[in-house]
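Heads up, the thing below is written out as structure tokens.
The values are calculated or read from the model by the stated rules, or taken from the named source; none is laboratory data. Values in this document were obtained by computation on a predicted structure and should not be read as measured data. Glycine gets a Cβ as well: all are built from the backbone with ideal geometry, and neighbour counts include every protein chain shown. Heads up: the accessible areas ignore ligands, DNA and RNA and are worked out on the full protein's heavy atoms, side chains in. Shrake-Rupley method; radii C 1.70, N 1.55, O 1.52, S 1.80 Å.
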Amino acid sequence: MEIYHNPRCQKSRQTLKILQDAQVDFEIRKYLENPPSKDELRDVLDKLDIAPEALIRKKEKLYIDEYKGTELTDEEWIEIMVKHPILIERPIVIEGDRAVIGRPPENVRELFSAR
């Protein structure tokens with residue numbers, strides 16, 4: 001398992017605790033310091049089975065100031081998230097060919113049943 005984690009985010013910390021309490025093996029990716037590439041982001045979106053725009057944090061100031069109401073292609077949204085990883089919804093937990101967004105944090109438990 002891998003978690004796209006932002007230590008400053010309460011939901012991300014709660015999801016991390018669920019993983020720790022479940023005693024599963026996982027890696028932490030501080031995605032703000034180590035942003036995903038376009039290919040990695042495409043892979044995560046495929047595993048989440050959502051469109052790129054659905055992964056955007058729409059309450060983020062950067063989104064409101066620069067992108068709200070803007071019509072962009074999927075590829076343009078991916079480029080924006082790679083350039084501004086703060087806009088990526090968090091946390092994301094990935095296992096194999098599946099991924100979930102930890103909002104609410106309990107969503108991560110869906111991945112445990114697939115083990």
Does at least one position in the stretch 56-70 carry a residue that is among the aromatic types (Phe, Trp, Tyr) and open to solvent by 40 Å² or more (accessible area, probe 1.4 Å)?
no
If I filter the stretch 18-26 for residues that are of a type outside the set (D, E, K, R), over 26 Å from residue 113 (Cβ atoms) and without any contact (Cβ under 8 Å) to a residue 60 or more places away in the chain, do I get at least one hit?
no
Is it true that residue 75 is surrounded by 12 or more Cβ atoms within 10 Å (Cβ to Cβ) and among the charged types (D, E, K, R)?
no
Which number in (1) in contact with a helix residue (DSSP H, G or I) (Cβ under 7 Å, 6 or more places away or on another chain); (2) in contact (Cβ under 8 Å) with a residue 24 or more places away in the chain; (3) surrounded by 12 or more Cβ atoms within 10 Å (Cβ to Cβ) marks the one condition that residue 84 misses?
(2)
Kindly indicate which of 16, 62 is assigned to a helix (DSSP H, G or I) and closer than 16 Å to residue 94 by Cα.
16
For the structure I just gave you, tell me whether residue 48 is among the aliphatic types (A, V, I, L, M) and in contact with a Gly (Cβ under 9 Å, 6 or more places away or on another chain).
no
Checking the condition open to solvent by 40 Å² or more (accessible area, probe 1.4 Å), more than 17 Å from residue 94 (Cβ to Cβ) and acidic (Asp, Glu), which residue from 27, 53, 40 passes?
53
